[in-house]
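The values are calculated or read from the model by the stated rules, or taken from the named source; none is laboratory data. It should be emphasised that the depicted structure is a prediction, and the values quoted were computed from it without experimental measurement. Please note: Cβ atoms are built from the backbone with ideal geometry, for glycine as well, and neighbour counts cover all protein chains shown.
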Amino acid sequence: MVKVCMITTGHNPLDDRIFYKEAKSLKNVGYDITVIGQTDSRMDDEIDGISIIGLKIGKGIKSHPILWWNLLQEALRTNAVIYHCHEPESLLVALYLKIFKHKNIVYDVHEYYPDMIESARFQMKIFLIFMLYFIEPFFCRYIDLVITADESIAKKYKMFNNNVYSIPNFPLFEMFDCSNGPERIPKYKDCHVVIYVGGINEERGIFELICAIRRVSTTIPSIKLILVGTFGNEYFKKICKEYVELNNLGDNVEFIGFVPHNEIAKYINSSDIGSILLYPTKRFVKTAYPIKLFEYMICGKPIIASDLPAMGKIIKDSHCGVLVNPMNIDDISRKIIYLLEHPDEAKKMGECGRRAVERKYNWNEVGEKLTNIYGDII
């Protein structure tokens, strides 16, 4: 049985792409899988036949070398044949394993990292510039396999490596199949619910969405926005919560916080509309496959989304929602009201989205592609 060790400095070992999709797909075809990632406290467990090692990370840039060292030590203990890393930081550890231990390396690029440089803190900005413009281009030539979350990212890496494949982050159908799922969560039974799932920060249009809910509440008092995810920083958290308090929106806006990936479906199933209001930044303009989009679709929910090129095309082609200017609060509030006041049309949009996922945007075929290309490494 071939040993595979997945290593990550920026994700929990039970991350949806890493554990539920990639690790489980590889486990199902006979690989021996270990996942090493970042957790709040030390963790050493086995889940569904996959070994899980959680490394606690401190705060601040000074904690990163300690994390790299601990990650390397744990990775060496697994003595795997293939090491699968998930971001530039864990690539440093993988390169050591490649150069000095002659291991096979898979580099999994979840997003277009250069677009993150502008918003990064100074020390991390210097690190990313060094990694992405000097280290990564040189060493990518010697990596055994590069996989990316979408084709636009893959094009960049094909300049350095001939073994590059796009493995989109489509949802697992069985995990998000809400057609026969649980009933609506009781506390949302009499509400009109708009849901957002994902990281909560400014560039994801969260503040505009909250402002739009305030306007919608004057027409539809039962409106409820549930935000499932964690804040990116304390400053933005303070802004959002102060706005909710000052505008008496306590009954209309609920911050759920972190929810394990296998429990997200019950919240989506309790909603009427899925929202994804990404700002038109360089990073998001290039994002063809935001995972939350397909999770809403697979649960049969109509979607209100930013009119961005790639995402907008998917929504138009699938007829599964409405597009808005994410910076325009009036536009957002009007579209929410429209969907709630036209339930038959909204239902048809949800049905169209679900059919599109059944036909095209699901993990089943993608997972098979992953296992096939993995077989060519050794």
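Quick look at the numbers
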{"item": "Matching residues in the stretch 369-378 - criterion: being in a helix (DSSP H, G or I) and either free of Cβ contacts under 8 Å to residues at least 24 places away in the same chain or not hydroxyl-bearing (Ser, Thr, Tyr) (or both)", "result": "Lys369, Leu370, Asn372, Ile373"}
{"item": "Residue under evaluation Ile332, criteria (1) in contact with a Leu (Cβ under 7 Å, 6 or more places away or on another chain); (2) assigned to a loop (DSSP other than H, G, I, E, B); (3) not small (Gly, Ala, Ser), criterion not met", "result": "(2)"}
{"item": "Enumerated strands (runs of 3 or more DSSP E) restricted to the stretch 9-108, each holding at least 2 residues that are crowded, with 20+ Cβ neighbours inside 10 Å", "result": "32-39, 50-56, 82-85"}
{"item": "Neighbours by Cβ (under 8 Å, 6+ apart or cross-chain): first from the stretch 238-258, more than 14 Å from Val194 (Cβ to Cβ) and at pLDDT 95 or above; second of a type in the set (A, V, I, L, M, F, W, C) and part of a loop (DSSP other than H, G, I, E, B)", "result": "Tyr243/Leu249"}
{"item": "Residue within the stretch 138-147 that is outside the structural domain of Trp68 (by TED's automatic domain parsing), buried (at least 17 other Cβ atoms within 10 Å of the Cβ) and at pLDDT 90 or above present", "result": "no"}
{"item": "Answer residue from the stretch 109-134, given it is in a helix (DSSP H, G or I) and exposed (fewer than 13 other Cβ atoms within 10 Å of the Cβ) and is modelled with the lowest pLDDT among those", "result": "Phe122"}
{"item": "Filter result for the condition that a residue is within 25 Å of the chain's Cα centre (by Cα), assigned to a helix (DSSP H, G or I) and β-branched (Val, Ile, Thr), over Val366, Val322", "result": "Val366"}
{"item": "Close pairs from the stretch 348-365: first within 13 Å of Phe170 (Cβ to Cβ), partner modelled with pLDDT under 90, Cβ under 6 Å, at least 6 apart", "result": "Asn362/Phe173; Trp363/Leu172"}
{"item": "Criterion: at pLDDT 90 or above and out of contact with any Pro (no Cβ under 9 Å at 6 or more places or on another chain) - qualifying residue of Glu295, Glu345, Glu351, Glu365", "result": "Glu351"}
{"item": "Residues being farther than 21 Å from Arg359 by Cα and in a helix (DSSP H, G or I) - total across the stretch 303-319", "result": "1"}
{"item": "Selection status of Gly250, part of a loop (DSSP other than H, G, I, E, B), small (Gly, Ala, Ser) and surrounded by fewer than 17 Cβ atoms within 10 Å (Cβ to Cβ)", "result": "yes"}
{"item": "Failed item, numbered, when Ser90 is tested on (1) of a type in the set (Gly, Ala, Ser); (2) at pLDDT 95 or above; (3) at negative phi", "result": "(2)"}
{"item": "Any hit, the stretch 332-344, residues being touching a residue at least 12 places away in the same chain (Cβ under 8 Å), among the aromatic types (Phe, Trp, Tyr) and either in contact with a strand residue (DSSP E or B) (Cβ under 9 Å, 6 or more places away or on another chain) or under 21 Å from Ile223 (Cβ atoms) (or both)", "result": "yes"}
{"item": "Only one of Ile153, Ile220, Ile210 that is buried (at least 16 other Cβ atoms within 10 Å of the Cβ), modelled with pLDDT of 95 or more and not in a loop (DSSP other than H, G, I, E, B)", "result": "Ile210"}
{"item": "Any hit, the stretch 322-331, residues being buried (at least 20 other Cβ atoms within 10 Å of the Cβ) and either of a type in the set (Gly, Ala, Ser) or outside the structural domain of Tyr289 (by TED's automatic domain parsing) (or both)", "result": "no"}
{"item": "The stretch 136-149, residues that are under 21 Å from Ile82 (Cβ atoms) and not in a strand (DSSP E or B)", "result": "Glu136, Phe139, Cys140, Arg141, Tyr142, Ile143, Asp144, Ala149"}
{"item": "Residue that is under 21 Å from the mean Cα position of the chain (by Cα) and polar (S, T, N, Q), where the choices are Ser306, Ser333", "result": "Ser306"}
{"item": "Pick from the stretch 271-292, criterion among the hydroxyl-bearing types (Ser, Thr, Tyr) and either modelled with pLDDT of 95 or more or not assigned by TED's automatic domain parsing to the domain that holds Leu339 (or both), ranking: surrounded by the fewest Cβ atoms within 10 Å (Cβ to Cβ)", "result": "Ser271"}
{"item": "Selection count, the stretch 223-237, where residues are under 19 Å from Ile332 (Cβ atoms) and either modelled with pLDDT under 95 or in a loop (DSSP other than H, G, I, E, B) (or both)", "result": "1"}
{"item": "Any hit, the stretch 179-191, residues being within 30 Å of Ala356 (Cα to Cα) and either under 20 Å from the mean Cα position of the chain (by Cα) or of a type in the set (Phe, Trp, Tyr) (or both)", "result": "yes"}
